[in-house]
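The values are calculated or read from the model by the stated rules, or taken from the named source; none is laboratory data. This structure is a prediction, so every number in the text was calculated from the model and none was measured. Quick reminder, even Gly has a Cβ in these numbers, built from the backbone with ideal geometry, and neighbours come from all protein chains shown. Calculation scope for accessible area: heavy atoms of the full protein, side chains included, ligands and nucleic acids excluded. Shrake-Rupley method; radii C 1.70, N 1.55, O 1.52, S 1.80 Å.
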Amino acid sequence: MSVGDKVFGCLVPPVFVLLILPLVAIDMNWGHDIRGPLAPAWPGGSYTFAATVGALAPLAFGAWVAPLTRMRWKESKPRSLAWVAASFPGLAACYLVAAVIGAYSRPRRRSHWDDDCHTTVGSCWAHEQYPYPWAADSPAPAAS
């Protein structure tokens, strides 16, 4: 095992944590506020919103992965780093789509419920009115 392999092995866990932290921060700060007001106001309602998010999921993933497939680290390190930088907008789109999909879950009882939970824009109300967003969200990636 070479020194480079050992260094790479030590870098994997911190890089993984750095990639997960923005997703956790988005979920903690805006997770319950994304679906509640936006989904009922979406043209066609909450199920159309779920289908739209489901259709955006493979596009966001493709925008993240497509630049990474163009990397040729052995040929040109600066050009490979440029392709990594070009993949960041797709990564940000993946974070947002994942946060919206994560917002479909109902807040845990009494731990995240607040006074606004059952108003017409609260996430609990949206979950009560539209309890099956996964049904509209699941077939959308297969259709796209």
Which ranges mark the helices (runs of 4 or more DSSP H) fully within the range 1-88 that have 3 or more residues being aliphatic (A, V, I, L, M) and touching a residue at least 12 places away in the same chain (Cβ under 8 Å)? 3-41, 46-68
Near pairs, Cβ below 8 angstrom, 6+ apart or cross-chain, from the range 89-118 (at pLDDT below 80) to any residue that is among the acidic types (Asp, Glu) and open to solvent by less than 40 Å² (accessible area, probe 1.4 Å): ILE101/ASP137; TYR104/ASP137
All but one of (1) of a type in the set (S, T, N, Q); (2) open to solvent by less than 80 Å² (accessible area, probe 1.4 Å); (3) modelled with pLDDT of 85 or more hold for THR69; state the number of the condition that does not hold. (2)
Please indicate, with yes or no, whether at least one residue in the range 33-50 is under 25 Å from PHE88 (Cα atoms), modelled with pLDDT of 85 or more and either open to solvent by less than 80 Å² (accessible area, probe 1.4 Å) or more than 18 Å from the chain's Cα centre (by Cα) (or both). no
Picked from the range 85-97 (must be open to solvent by 40 Å² or more (accessible area, probe 1.4 Å) and of a type in the set (A, V, I, L, M)), the residue farthest from PHE49 (Cα to Cα) is ALA85
